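The values are calculated or read from the model by the stated rules, or taken from the named source; none is laboratory data. Computed from a prediction, not measured in an experiment: that's the story for all the values here. Here the Cβ is made from the backbone with ideal geometry for all residues, glycine too, and neighbour counts use every protein chain on show.
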Protein chains: 2
Amino acid sequence: MPQASPVRKRYAARLPTEQRREQLLQAAQTIALERGFHAVSVDGVAKACGVTRPVVYGLFDDRSALLAGLLDRAEHRAMAELAVLFPSVPGPDDDVDPDELLVAGIRGYLTAVAGDPDTWRVILVPPEGAPPEMAERVNGQRRVLLRHLRGLLDWGLARRGGPGLDPDLFARAVFTLAEGAARLLLEDPDRWQVEPFIDFCRTTLQALQPVRA
Amino acid sequence: MPQASPVRKRYAARLPTEQRREQLLQAAQTIALERGFHAVSVDGVAKACGVTRPVVYGLFDDRSALLAGLLDRAEHRAMAELAVLFPSVPGPDDDVDPDELLVAGIRGYLTAVAGDPDTWRVILVPPEGAPPEMAERVNGQRRVLLRHLRGLLDWGLARRGGPGLDPDLFARAVFTLAEGAARLLLEDPDRWQVEPFIDFCRTTLQALQPVRA
DNA sequence: CTCCTTTGCTACACAGGTGTAGCAACACAG
DNA sequence: CTGTGTTGCTACACCTGTGTAGCAAAGGAG
């Protein structure tokens, strides 16, 4: 039986700005992952935090700033993980096995994904509902990574040789497969593990030797 | 200067049911491809056809029926193209080169995609805005295709041998790469052509010989 | 030329979301 | 225990989209 007189809502616990901000972003992310980016509304996020809309508008200019914050957060986290794990291109005289270097890089990537699935879901699931400008930003980061991978592969091919594959397509193929593996890890973490992908990767690389004359 | 008296809207050209239906679906598809599935509104589709909402509701129960119609249409077209082009698994005694069979299949797929890009965009761009049930249907078709591909590869590996790759991961890798190539074709048809992918594919298959003891 | 069916239009009620103005409660310094 | 600033709340105006009821125009059958 509803109250006749309008009862004032019990005040939510007061939080310092930064903490509230983080809480809101976390809630937004949860909604985005459960029901898609287009389902992230200022109202919904506020409710999820037991708070009202003006609180959100106090910390974000508008809905799209909220979404931007969400993407930023995921991007920074993801990039921070990658920066540590991804191998840089060795010099021409370094004594490193190219195949093992690549394998290690891919293992690092997949391990990072498996270790912080929600962050990576934001990156790897194309956020259709988000403003197009953000999809563009994610693609920009993809290009950066792709270029780095390309450098690594070029170095490796120069070092050890390989079949006469178009190097651009080769880099893209490796990239696509790595992202595909990452998506499988995210989709069903119980079924998929990192190591089988690594084995697959190593075996394939072994097969890709220079053509025998 | 706006009319003071409410002018009746000029009647749109009257169309027979089926034709109007097709027109509406086409308009819905265009909107979905330009601005995402979530941006497909009954109102928007009606306007795009120079018509009012009740006309749409006459042909589709509600918004989600409209979306379902759009997906159905793309799915049927895509499957019809594939049914013709995709090779069936040969018997154990057929005299076919496995590599060339696979290459021909992939070429058929990519050619179909390049030849009817809008239809395939609907399939290959995960429609986040669409009801989840539809994403599920597209994934179902993916599974069917994946299973077929798996059959083809198993037959090929039995016939010609290959490196000791996990056959499930191998099938998924081929599938992922083929879809990746298709997405590139859709993304920038001027830059990407079918044949370079085919060359890449053939070269890679040649490298994937049985391990030499 | 008149019916009458088919196709389309106007108008409404409603739902859910955005963004803002102004007030109320809390919590901490003094 | 009393300011006083910060954090949060209520209430409103507005917009866009949904779905429906009932009327108006078109155009072919007779």
Quick check on B:A74: is it more than 13 Å from DNA strand D (Cβ to nearest atom) and either more than 14 Å from chain A (Cβ to nearest Cβ) or acidic (D, E) (or both)? yes
Taking first residues from the stretch B:12-26 that are over 8 Å from B:C49 (Cβ atoms) and second residues anywhere that are assigned to a helix (DSSP H, G or I), the pairs with Cβ under 7 Å that are 6 or more apart or on different chains are B:L15/B:Q23; B:T17/B:L59; B:R21/B:L59; B:L25/B:G69; B:L25/B:L70; B:L25/B:R73
When the stretch A:53-71 is checked residue by residue, the ones that are within 12 Å of DNA strand D (Cβ to nearest atom) and free of Cβ contacts under 8 Å to residues at least 24 places away in the same chain are A:R53, A:P54, A:Y57, A:G58
Exactly one of A:A207, A:A173 is within 20 Å of A:L82 (Cα to Cα) and among the hydrophobic types (A, V, I, L, M, F, W, C), and that one is A:A173
When you scan the stretch A:12-22, do you find a residue that is under 22 Å from B:G36 (Cα atoms) and at pLDDT 95 or above, even just one? no
Of (1) without any contact (Cβ under 8 Å) to a residue 12 or more places away in the chain; (2) small (G, A, S); (3) crowded, with 17+ Cβ neighbours inside 10 Å, A:A83 satisfies every one except (3)
Flagged in the stretch B:10-45 as more than 14 Å from every other protein chain (Cβ to nearest Cβ), charged (D, E, K, R), within 12 Å of DNA strand D (Cβ to nearest atom) and assigned to a helix (DSSP H, G or I), in numbering order, are B:D43
Looking for something assigned to a helix (DSSP H, G or I) and either crowded, with 17+ Cβ neighbours inside 10 Å or modelled with pLDDT of 90 or more (or both) - is there at least one such residue anywhere in the stretch B:86-97?
no
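If you go through the stretch A:206-213 one residue at a time, do you hit one that is in contact (Cβ under 8 Å) with a residue 12 or more places away in the chain and more than 10 Å from chain B (Cβ to nearest Cβ)?
From the stretch A:206-213, those in contact (Cβ under 8 Å) with a residue 12 or more places away in the chain are A:206, A:208-211; that's our starting set.
Of the ones still in play, those that are also more than 10 Å from chain B (Cβ to nearest Cβ) are none.
For the stretch A:206-213, residues in contact (Cβ under 8 Å) with a residue 12 or more places away in the chain and more than 10 Å from chain B (Cβ to nearest Cβ): absent.
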Quick count over the stretch A:146-174, residues being surrounded by 16 or more Cβ atoms within 10 Å (Cβ to Cβ) and within 9 Å of chain B (Cβ to nearest Cβ), is 7
In the stretch B:126-145, anything crowded, with 18+ Cβ neighbours inside 10 Å and either within 11 Å of another protein chain (Cβ to nearest Cβ) or without any contact (Cβ under 8 Å) to a residue 40 or more places away in the chain (or both) is listed as B:P127, B:E128, B:G129, B:A130
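Got a number for residues in the stretch A:177-205 being of a type in the set (D, E) and facing another protein chain (nearest Cβ under 9 Å)? If you could, list the steps in order and put the result at the bottom.
The initial filter retains those residues of the stretch A:177-205 that are of a type in the set (D, E), namely A:179, A:187-188, A:190, A:195, A:199.
Then keep just the ones that are facing another protein chain (nearest Cβ under 9 Å); that gives A:179, A:199.
Matching residues across the stretch A:177-205 total 2.
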